[in-house]
Structures are given as C-alpha cells and as structure tokens.
Amino acid sequence: MARDTTTFTDAINSDPQSVEDNAGWGGKLLIPALDRAVHMQTGAIEAYVARLKRKNPDHSPQQIQKIMDDHLKRIATGSGASVGLTAAIPGIGFLTGALAISAESLVFLDAVAFYTMASAHLRGVDISHPERRRALILVVLLGSQGTALVDAAVGDISKKRALPAANISRFSISGLADVNSRLLRMAIKRLGRRFRGAWLGKILPLGVGAVVGTIANRKLASRAITNVGQSLGPLPA
C-alpha cells in the first residue's frame, strides 16, 4: 500500500512540462504510441466497430466486445511468440533481438490504444477530442492507480466514485491536459517496469523466449481487457 501511495503522490506533484524530458525507456515506447492513437482518424475506429456489427447482426454489445477482446489477445500472443522466436534464432544477436522486442512492444501498445478507443465507442463514449482519448487510454493502461488519480483531480475522492470515463468528460480540455501529464508520468514508471520484465523473458535463448513472450503478452492483454470494463463501464443493453 505504501508503494502505491508514493507513486500517486509523486505523480500529483510532478511538473507536467518535465514528463517527456525524463521519459526513459518506457516513455520512448509509450509516448509515440499515445500520439498515434490520439491522432487516429475517428472514422477508422467507428468503421471497425460497424464492421463487427454488420458481420454479426444478431450479436449483443457484450458479444461484440468479446470479439474485440479476442482480437486483442490474438495480436498480443502472436506478436509475443514471434518475437520470442526471433530472439532465439542462433546468430541473430542480442541487439537485433532487443530491437525486435522494442518494435513488438510498440505494436502491442498501438493495439491496446485502438482497442480502448473501439471499446469506448461501443459504449457511446465521446472519443472525438485528442486529450480525452489520451486520458482514456492512460487510465486503461494504469488501472486502479489511474482511476485514483482522476478521482483526486476531479474532487470526488470522498464521494461516491464515478466511472473514470464519466469523470474525464467533466474536465475542461486545459484541465484534462494537466491530468494527462500526471497520468503519463505514472504510466511511464509502471509500464517501464512491466515491459522490462516481459522484455527480459522474451530474450531468453533456445525458444524459451517464445513461451515466455506469449505468457507475458497474454497477461498484459488480459489486464487491459479487465481495465476497460472497470474504466469505461457497462455496455448498453
């Protein structure tokens, strides 16, 4: 408990302008993925959800969400295994394997960002503004710690807690930009540790990295799916 409190306090008191300057390895992966996601054409997200509905006209929103969940899991486990195998090929070298893993981490972050936006659109959440997109993605990546930070910023800690997606909609754009800087600093710290552990497992030789890569990415994908349900709220009937 003490460790989470320290991280939370540090994120609240951080200088938003210094976030990118001190991003480190995790930030070098996360910041570009966020930038791509927030500038993604809304039409591409809407078209993906519409295509799933068109192909499955009898499916409920819950069933459509399950299809999206499965898509994310397949992307995550497929990329994790392939990179683990790449790192295990004799003669490929540590540096080449490490570069492949960095690229794979970007693919995974892109997939989670797109999945978050599609899940939000399925629920009728406004995803039109870049800062709101950024906040939703960061809260999903962070889970309960991101929710706590948004709650504190909106002033609802002592009241009945609203869903993060609802709280995010209450901020002005300028206020949300400040919250996003705090969320980003927290995410860089947490995701850097999380991806570093997965990274070390994937670089293992003799094919072991393929197994570890699949398991690590499956856990990361499952965490993102759980966080989407908790952050974005229930699906429409």
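A few notes on this one:
- Flagged links, alpha-carbon separation over 21 Å, of LYS73/LYS219; LYS55/LYS219; LYS66/LYS219: LYS55/LYS219
- Burial order of peptide ranges 38-48, 121-131 (average beta-carbon count within 10 Å, highest first): 121-131, 38-48
Where a number appears in this text, it was derived from the coordinates with a stated rule and is not lab data. All values reported here derive from a predicted model rather than from experimental measurement. Here Cβ is always computed from backbone atoms with ideal geometry, including for glycine, and neighbour counts include all displayed protein chains.
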